[in-house]
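Student: Structure below; questions to follow.
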Amino acid sequence: MESFLRRRDLPVQCARMSSTHDDEPLLKTVVPATLHHATARALLLNTSSSLEESSLAQLRQQGMRDVFAVGPLHALSPAPASATSLWAQDGGVAAWLDARGDRSVAYVSLGSLAVFSSRDQFHEFLAGLVASGYAFLWVLRPDMVDTIQDAALREAVAAVGQDRARVVPWVAQRDVLRHRAVGCFLTHSGWNSTLEGAAEGRAMVCWPFFADQQVNSRFVAAVWGNGLDMKDVTDRAVVERMVREAMESDQVRAAATDVARRLREDVADGGASAKEFQRLVAFIRELSVCPQRKRPGLSS
């Protein structure tokens with residue numbers, strides 16, 4: 001990772017403050033927890049060897065006895081997307097997507113926590129999205145906008161028309177991502193969304209906010225090549241350019257297709273993640289009958 005991670009690719013608390021980190025609340029929590037991993041009996045990770053083999057190898061080299069890469073977990077689970085939703089779904093999205101052409105829609109979702117930091121930031125983001133010329137489906141939670149921003153949004157949607165824009169409070173994301181009409185995914189780069197976009201073979205435009213999202217977006221752009229990294233930028237021209245590139249680039253699309261293929265192989269019978277999951281089950285069963293073999297902790 002030393003060869004491609006930059007200072008701005010690290011979480012804000014690690015990389016972007018000039019003062020000492022001693023009083024940073026998040027680091028006070030994360031650093032001891034990370035150090036404690038070395039004493040754990042095993043480490044469970046929602047990832048796959050095809051995505052992060054070098055990182056997994058580094059963990060094993062640090063003396064971790066058992067590292068289980070059992071992801072993407074959502075692809076291993078038969079549960080429908082709606083069963084894991086945090087918000088009520090919009091029921092008209094499927095019909096709206098069905099009426100769109102193949103790979104003609106930019107899907108936009110910034111997760112369940114992120115909010116716009118200013119009115120200007122929202123306006124630039126919206127203007128760039130409209131200027132891209134592509135239809136868009138935007139998941140915009142009620143707590144992400146104020147009344148002024150909401151008015152600007154309604155005006156923009158009215159200007160481009162309902163055929164080109166649909167804004168909803170929440171959707172079953174996995175169902176949307178696997179729909180033929182979706183051409184790219186503009187995401188906050190949370191790990192769950194990153195895995196879901198990768199598993200469905202969608203080109204991504206990454207606009208990270210905090211925590212692991214900064215690193216995830218760099219992996220998408222610089223390692224896997226299945227998307228573009230828009231971190232630290234909220235400029236309508238950049239938003240427009242990156243959405244267009246994600247929708248139109250044969251190179252990015254080919255990389256996204258390849259990543260999805262490898263992930264499907266990982267979770268299929270006999271694949272790396274499927275085998276790791278079976279190994280995890282056997283490991284837990286062994287611990288249950290031989291408790292004396294336990295070491296403190298089982299981290300995930």
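The values are calculated or read from the model by the stated rules, or taken from the named source; none is laboratory data. Given the structure is predicted, the values throughout are model-derived calculations rather than measurements. Cβ coordinates were reconstructed from backbone atoms using ideal geometry, including for glycine residues, and neighbour counts include every protein chain displayed.
Student: Give me the residue from the stretch 125-181 that is closer than 18 Å to V243 by Cα and basic (K, R) and, out of that set, nearest to the chain's Cα centre (by Cα).
Tutor: R180
Student: A further question follows. Could you grab me the full set of residues in the stretch 118-151 that are of a type in the set (A, V, I, L, M) and out of contact with any Phe, Trp or Tyr (no Cβ under 7 Å at 6 or more places or on another chain)? Steps first, answer last, please.
Tutor: Filtering the stretch 118-151 down to residues of a type in the set (A, V, I, L, M) leaves 126-127, 129-131, 135, 137, 139-140, 144-145, 148, 151.
L126, A127, V130, A131, A135, L140, I148, A151, listed by residue number.
Student: Within the stretch 262-291, track down each residue that is within 18 Å of the chain's Cα centre (by Cα) and without any contact (Cβ under 8 Å) to a residue 12 or more places away in the chain.
Tutor: Once the filter is applied, which keeps residues that are within 18 Å of the chain's Cα centre (by Cα) and without any contact (Cβ under 8 Å) to a residue 12 or more places away in the chain, the stretch 262-291 yields nothing.
Student: (1) surrounded by fewer than 22 Cβ atoms within 10 Å (Cβ to Cβ); (2) without any contact (Cβ under 8 Å) to a residue 24 or more places away in the chain: which one isn't true of P208, the others all being true?
Tutor: Evaluating P208 over (1) surrounded by fewer than 22 Cβ atoms within 10 Å (Cβ to Cβ); (2) without any contact (Cβ under 8 Å) to a residue 24 or more places away in the chain leaves (1) as the failure.
For (1) at pLDDT 95 or above; (2) buried (at least 21 other Cβ atoms within 10 Å of the Cβ); (3) over 26 Å from L126 (Cα atoms), each residue gets a yes or a no:
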{"site": "G225", "(1), (2), (3)": "yes, no, no"}
{"site": "D235", "(1), (2), (3)": "no, no, no"}
{"site": "V243", "(1), (2), (3)": "yes, yes, no"}
{"site": "R261", "(1), (2), (3)": "yes, no, yes"}
{"site": "E265", "(1), (2), (3)": "yes, no, yes"}
{"site": "A274", "(1), (2), (3)": "yes, no, yes"}
{"site": "V289", "(1), (2), (3)": "no, no, yes"}
{"site": "Q292", "(1), (2), (3)": "no, no, yes"}
{"site": "R295", "(1), (2), (3)": "no, no, yes"}
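Student: Which is surrounded by fewer than 19 Cβ atoms within 10 Å (Cβ to Cβ), among the aliphatic types (A, V, I, L, M), modelled with pLDDT of 85 or more and not in a loop (DSSP other than H, G, I, E, B), of A83, A106, A94, A75? Step through it out loud before you land on a result.
Tutor: Working: A83 fails: modelled with pLDDT of 85 or more; A106 fails: surrounded by fewer than 19 Cβ atoms within 10 Å (Cβ to Cβ); A75 fails: surrounded by fewer than 19 Cβ atoms within 10 Å (Cβ to Cβ).
One residue alone meets the criteria, A94.
Student: Which residue, of L43, L5, L26, is under 20 Å from the mean Cα position of the chain (by Cα) and either hydrophobic (A, V, I, L, M, F, W, C) or at pLDDT 75 or above (or both)? Step through it out loud before you land on a result.
Tutor: Details: L43 fails: under 20 Å from the mean Cα position of the chain (by Cα); L26 fails: under 20 Å from the mean Cα position of the chain (by Cα).
Sole residue among the options that is under 20 Å from the mean Cα position of the chain (by Cα) and either hydrophobic (A, V, I, L, M, F, W, C) or at pLDDT 75 or above (or both): L5.
Student: If you go through the stretch 24-51 one residue at a time, how many are of a type in the set (D, E, K, R) and either in a helix (DSSP H, G or I) or under 12 Å from G63 (Cα atoms) (or both)? Even if it seems obvious, please write down each step before you answer.
Tutor: If we filter the stretch 24-51 for residues that are of a type in the set (D, E, K, R), which is where we start, we get 24, 28, 41.
Next, only the ones that are either in a helix (DSSP H, G or I) or under 12 Å from G63 (Cα atoms) (or both) stay: 28, 41.
Total satisfying the criteria: 2.
Student: Hey, any hits in the stretch 191-198 for a residue that's touching a strand residue (DSSP E or B) at 6+ places or on another chain (Cβ under 6 Å) and not basic (K, R)? First the steps, then the outcome.
Tutor: Of the stretch 191-198, the ones touching a strand residue (DSSP E or B) at 6+ places or on another chain (Cβ under 6 Å) are 193, 197.
From what is left, the residues that are not basic (K, R) are 193, 197.
Within the stretch 191-198, one or more residues are touching a strand residue (DSSP E or B) at 6+ places or on another chain (Cβ under 6 Å) and not basic (K, R).
Student: Taking helices (runs of 4 or more DSSP H) that fall entirely within the stretch 143-262, which contain at least 2 residues that are among the hydrophobic types (A, V, I, L, M, F, W, C) and under 30 Å from S55 (Cβ atoms)? Spell out how you get there, then give the answer.
Tutor: Numbers: elements: 147-160, 173-177, 191-199, 213-218, 236-248.
By residue number, 173-177, 191-199, 236-248.
Student: Looking only at the stretch 179-201, count every residue that is of a type in the set (K, R) and in contact with a Gly (Cβ under 8 Å, 6 or more places away or on another chain) and tell me the total.
Tutor: Taking the stretch 179-201 first, the residues of a type in the set (K, R) are 180.
Applying the additional criterion that residues be in contact with a Gly (Cβ under 8 Å, 6 or more places away or on another chain) yields none.
Of the residues in the stretch 179-201, 0 are of a type in the set (K, R) and in contact with a Gly (Cβ under 8 Å, 6 or more places away or on another chain).
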